[in-house]
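See below for the structure under consideration.
The values are calculated or read from the model by the stated rules, or taken from the named source; none is laboratory data. Since the model is a prediction, treat every value here as computed from it, not as a measurement. No Cβ is skipped: glycine too gets one built from the backbone with ideal geometry, and neighbour counts run over all protein chains shown.
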Amino acid sequence: MSFLVLGLPRSRTAWLSKFLTYREWYCGHEELRHMRSLDDVRTWFLQPCTGSAETIAAPFWRLIDPATKLVIVRRDPGEVIESLMRLPGLSFERELLEAQIAKLDRKLGQITARFPGALSIEFEALNEESVCARVFEHCLPYAHDHEHWNALAMVNVQCNMIALMRYATAYWPALEKLAKLAKHKMLTGLAIREPVVSDGMTLQCEDFDSWVAGGQKLFEEHCALVGEAPDNWANKNIPLMRGIYDAGAMQIMTARSNGRMFGYLMTLVSPSLEEEGRLSACNTTFFASPDAPGLGLRLQRAALRALKEKGVSEVCMQDGVRGSGGRISTLYRRLGAADDGQLFRLHL
């Protein structure tokens, strides 16, 4: 079972990472900065005998596994701000810093209230061996080791804040993307997800602008599923897609219930290069909400019927490695499609 220490910056989290690294157990510090996906976070905590001390993870507390042993270090936000402002070689905009520290402190309060098993301690109390012993025994499967504590008690352990800030600045786009994925995951988890009765679902060909207007929440979920930032759908080449649709070379099949969209399938339609007079189609972006079990197959079948009515005689379907990955090949086989080789991609 892993453990997690959460606190504001300048709250002895670096010292605690050393103190809680004991025998076969390892406690990292600010490990979140190295993560690039939610899978990276899960993988870190799947390691045996592993914990971490973090100062920016508190806003994402809803994603913490309930089985994780938690320690919350509380320090007066004003003291934290003054300590940060005194750091040599760094400059902060005070008003922005105050807002960020206040937000982090509120999140620590929420965690303390929502996790009854969390151990909450005051920053100043870490000067007392008895408090450190409580932290030690809360996180680790051992009785407190006085000699281990004594060897570290007077050691001033600090991370290199200049290097930490430089790293965060260099990798900011990736860290911001991970934060957006985590936020989306939390919002998704807050929703009450009940299966939708399939009989109430309407499947239809929809015009491009209606699809974009009604599908944005699904687009966010789709992007998150394939490891992109939830708002990255807005960076797709939407003007080109609209142009292709207006030229009559695109079909968009959607599934709605009571006006809410639950799935979509975009298909490109063009003359075949193999035979004059033949129309070919290629399925592209495809998503079916987990709120509507079995919808994916229904969407595919509805799209095929509509394509056939348009005179399309063959449809290409890509079995990708993102999102559902190879599992979608089973769906294609149920539709009667046969394997037609592999698709390779080379980035130039």
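Restricting attention to region 219-259, and to residues there that are assigned to a helix (DSSP H, G or I) and in contact with a strand residue (DSSP E or B) (Cβ under 6 Å, 6 or more places away or on another chain), which single residue is farthest from SER37 (Cα to Cα)? Only one residue fits best here, namely ILE244.
Considering region 201-250, the residues that are of a type in the set (Val, Ile, Thr) and within 20 Å of ALA302 (Cα to Cα) include one that is surrounded by the fewest Cβ atoms within 10 Å (Cβ to Cβ), namely THR202. If only residues of region 106-159 that are touching an Asp or Glu at 6+ places or on another chain (Cβ under 9 Å) and in contact (Cβ under 8 Å) with a residue 60 or more places away in the chain are counted, the one that is farthest from VAL71 (Cα to Cα) is CYS159. Checking ALA292, ALA213 one by one, the residue that is farther than 21 Å from LYS185 by Cβ, not assigned by TED's automatic domain parsing to the domain that holds LYS180 and not polar (S, T, N, Q) is ALA213 and no other. Filter region 260-292 down to residues that are part of a loop (DSSP other than H, G, I, E, B), surrounded by fewer than 18 Cβ atoms within 10 Å (Cβ to Cβ), within 27 Å of the chain's Cα centre (by Cα) and hydroxyl-bearing (Ser, Thr, Tyr), then give me how many there are. Total satisfying the criteria: 0.
Here's the yes/no breakdown for (1) in contact (Cβ under 8 Å) with a residue 12 or more places away in the chain; (2) under 25 Å from VAL226 (Cα atoms); (3) among the aliphatic types (A, V, I, L, M):
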| site | (1), (2), (3) |
| --- | --- |
| GLN251 | yes, yes, no |
| TYR264 | yes, yes, no |
| GLY277 | no, no, no |
| PHE287 | yes, yes, no |
| LEU295 | yes, yes, yes |
| LYS308 | no, no, no |
| TYR332 | yes, yes, no |
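Flag: GLU98 does not match the condition of being surrounded by fewer than 19 Cβ atoms within 10 Å (Cβ to Cβ), among the acidic types (Asp, Glu) and touching a residue at least 40 places away in the same chain (Cβ under 8 Å). Only one entry of PRO293, PRO239 meets the criterion of being of a type outside the set (D, E, K, R) and modelled with pLDDT under 90, and that entry is PRO293.
Residues considered: HIS184, HIS148. Of these, the only one that is assigned by TED's automatic domain parsing to the domain that holds TYR22, within 30 Å of LEU87 (Cα to Cα) and surrounded by 11 or more Cβ atoms within 10 Å (Cβ to Cβ) is HIS148. Taking (1) at pLDDT below 95; (2) farther than 30 Å from ASN235 by Cβ; (3) out of contact with any strand residue (DSSP E or B) (no Cβ under 8 Å at 6 or more places or on another chain); (4) surrounded by 14 or more Cβ atoms within 10 Å (Cβ to Cβ) in turn, CYS132 satisfies each apart from (1). Kindly provide the set of residues from region 157-170 that are in contact with a helix residue (DSSP H, G or I) (Cβ under 8 Å, 6 or more places away or on another chain), exposed (fewer than 15 other Cβ atoms within 10 Å of the Cβ) and farther than 19 Å from CYS27 by Cβ, ordered by number. Hit for region 157-170 is ALA168, nothing else.
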